[in-house]
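Everything on this sheet refers to the single structure shown next.
The values are calculated or read from the model by the stated rules, or taken from the named source; none is laboratory data. Remember, it's a predicted structure, so these values are computed and weren't measured experimentally. The accessibility values were calculated without ligands, DNA or RNA, using every heavy atom of the protein model including side chains. Shrake-Rupley method; radii C 1.70, N 1.55, O 1.52, S 1.80 Å.
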Amino acid sequence: MKNKKSTLRFKLTLVVLCVTAAMCLALAFISMSASRVFFNALLLTPAQQTTPTYQAPPEMLNILPSDCTKPAAIAQRSFSGVTVLSTLLVLTGGGAFLFWYVKKSLKPLETLAQQVRQLDADHLSCSLDIVSTGDEIEQLSGAVSDMLGRVNDAYTMQKNFSASAAHELRTPIAAMKSRIDVFQMKPEHTPDQYGHLIDTISRNTERLSGLVEQLLDLTNQTAVDMEEHVDLRALAEEAAIDLEPLAAKQNITITVTGHAETTGNDCLLQRALFNLMQNAIKYNLPGGTVTVTLCQREGRACCRVADTGRGVPKELQPHIFDLFFRVDASRSREIGGNGLGLALVKRIIEQHAGTLKVSDNLPQGLCIEFCI
């Protein structure tokens with residue numbers, strides 16, 4: 001438990017009280033100085049006065065006290081004592097009221113601190129009780145509540161990401177282990193059996209390698225140059241050449257039209273275009289087409305990648321950029337998809353302060369467009 005003197009309540013009270021005390025003492029000093037001048041003026045003799053004064057008759061002077069200054073001095077001392085006492089009483093009462101008021105004003109902060117102290121990693125989604133004070137304390141409470149919501153979303157996404165990554169890594173490892181266990185159960189093996197074992201290990205190793213590479217790309221926080229001049233047409237044509245063998249397997253035609261230039265990172269945008277076009281090829285139908293359309297729109301470079309595949313249901317389209325999301329998990333595994341390609345695209349476009357849009361490619365297929 002912290003010392004009471006270290007609390008904000010005590011510090012605020014002490015500072016305000018010190019300022020108030022200084023003002024009261026200054027006012028008391030001025031009052032007493034003025035009273036001294038006033039009483040000295042009353043004690044001036046007739047000869048010292050500059051204006052005519054009333055002269056008492058001789059018979060009246062006999063009944064006046066011989067020491068006329070004594071009552072005035074007593075009155076002056078009494079006035080000074082009352083002033084000092086009143087100042088002390090005002091400071092004491094004001095300090096007590098000030099301490100109570102500061103305590104009441106800071107009560108929402110104490111409540112907020114207690115609520116935050118009770119939170120843990122598994123209860124970040126609990127909403128905070130925000131007191132409507134109408135001041136900075138309410139703003140702080142709202143800001144803390146919003147921050148906890150964002151932290152909870154990030155923590156939940158991280159947990160889901162870890163679980164999904166572990167599952168994706170476990171699947172090829174389990175396949176290799178199962179094949180090796182079966183292989184070891186037989187005392188003798190034919191060349192074909194050795195070939196099947198090597199093929200299984202090679203295929204799953206390649207899958208693991210690709211998964212690890214994409215995981216590293218997603219978690220890479222290294223700063224990159226975002227001021228390069230980028231020709232999206234050149235990047236799209238380069239990606240089309242790299243993907244030609246994959247497209248040829250399904251007899252898919254890749255077409256690049258239009259032109260667009262922007263400022264950003266050449267390598268990242270090349271990866272985004274490659275992933276979009278690769279995804280359009282993988283989930284296309286045999287004999288289909290992939291059309292990449294580039295244009296400048298309202299000062300921004302836009303790229304539209306459309307395929308003629310099975311498409312994605314409307315209710316699932318907003319989730320295609322989520323980590324490890326797959327519309328058809330069995331088909332994704334068959335063609336080598338792991339649900340990270342489009343998530344990486346989203347990250348790259350966000351790094352370029354761009355926007356992503358998903359829509360149906362009528363009459364058939366899916367269309368993904370980004371503008372940066």
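Residue by residue, region 280-296 carries 3J(HN,Hα) couplings of 5, 6, 4, 9, 8, 9, x, x, x, 10, 10, 10, 10, 10, 10, 6, 9 Hz when phi is fed to the Karplus relation 6.51 cos²θ - 1.76 cosθ + 1.60 (θ = phi - 60°); x denotes Gly or Pro. Computed with a 1.4 Å probe over protein heavy atoms only, the accessible area of L215 comes to about 30 Å².
Taking all protein chains together, F324, F97, F79 sort by accessible area into F97, F79, F324, largest first [probe 1.4 Å].
Sorted largest first by accessible area at a 1.4 angstrom probe radius, with every protein chain in place, the residues K249, K104 fall in the order K249, K104.
For the set K159/K357; K282/K314; K282/K357; K11/K104; K159/K282; K159/K314, the pairs lying more than 24 angstrom apart at their alpha carbons are K159/K357; K159/K282; K159/K314.
Length gained on full extension, M185 to Q139, computed as 0.36 nm times the residue gap minus the Cα-Cα distance: 9.8 nm. For V292, the solvent-accessible surface with a 1.4 Å probe is about 0 Å², rounded to the nearest 10. The heavy atoms of L14 present about 90 square angstrom of accessible area, all protein chains included, probe 1.4 Å. Note on exposure: D153, D360 ranked by accessible area (1.4 Å probe, complete protein assembly) read D153, D360, with the most exposed listed first.
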